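The block underneath contains the structure these notes are about, expressed in structure tokens.
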Amino acid sequence: MKSVVYLVSITLLILVLSGCNSTKSDFIKSTSIIILDDTNYDMDDYGGFVTWRCKERYREYARTLIEVGFFTQFKPKELGFILFDGKNSGTFAHYVREGIIHRWNWGGEEFKDYTVTVEPNGDGYYFDMRATKPGEAATSKAAFKCE
């Protein structure tokens, strides 16, 4: 009887824990090589990437619009990237974690022209910061579902 109770308890624990997954893709990439600003970067050479694939928000079979991530090897983990249109090419971005929000900035000389944020529930937002005046709150131009 004790073994049955133990087995049921373990099974329930596994089921509960498997429901607590994160919105990040934990080093899973469709390819191990990404192209950033015309240079190839192999995941194996840089200790891996952590990425979020961001898709059209309200479509069941949505295509990947962007993929944001960072290199795990660098500390602090500020070297990020953004890949466009479901492909393995894109550009470098400045990555920062602000509390529980992940943020990537890129474009322009100071990496301040564009921003993507990903919230813990997987909601992602794109901002064109060039259209924002100093002291003005930015408004998102697009929303995604990121995993």
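The values are calculated or read from the model by the stated rules, or taken from the named source; none is laboratory data. Quick caveat: nothing in here was measured; it's all calculated off a predicted structure. Cβ atoms come from the backbone with ideal geometry, glycine included; neighbour counts cover every protein chain shown.
What to note about this one:
- Restricting segment 98-147 to residues that are assigned to a loop (DSSP other than H, G, I, E, B) and of a type in the set (S, T, N, Q), the residue that is farthest from residue 85 (Cα to Cα) is 132.
- Any hit, segment 117-127, residues being farther than 27 Å from residue 32 by Cα and buried (at least 16 other Cβ atoms within 10 Å of the Cβ): yes
- Residue 98 falls short on exactly one of the conditions (1) without any contact (Cβ under 8 Å) to a residue 12 or more places away in the chain; (2) in contact with a helix residue (DSSP H, G or I) (Cβ under 6 Å, 6 or more places away or on another chain), and that condition is (2).
- Answer from 130, 103, 63 - the residue that is under 28 Å from residue 42 (Cβ atoms) and at pLDDT below 95: 63
- Of residues in segment 103-116 being of a type in the set (Asp, Glu) and out of contact with any Gly (no Cβ under 7 Å at 6 or more places or on another chain), the one surrounded by the most Cβ atoms within 10 Å (Cβ to Cβ): 110
- Residue that is aromatic (Phe, Trp, Tyr) and out of contact with any Phe, Trp or Tyr (no Cβ under 9 Å at 6 or more places or on another chain), where the choices are 114, 58, 95: 58
- Subset of segment 44-102 (residues that are over 13 Å from the mean Cα position of the chain (by Cα) and crowded, with 20+ Cβ neighbours inside 10 Å): 90
- Counted residues, segment 106-147 - those being of a type in the set (Asp, Glu) and over 17 Å from the mean Cα position of the chain (by Cα): 5
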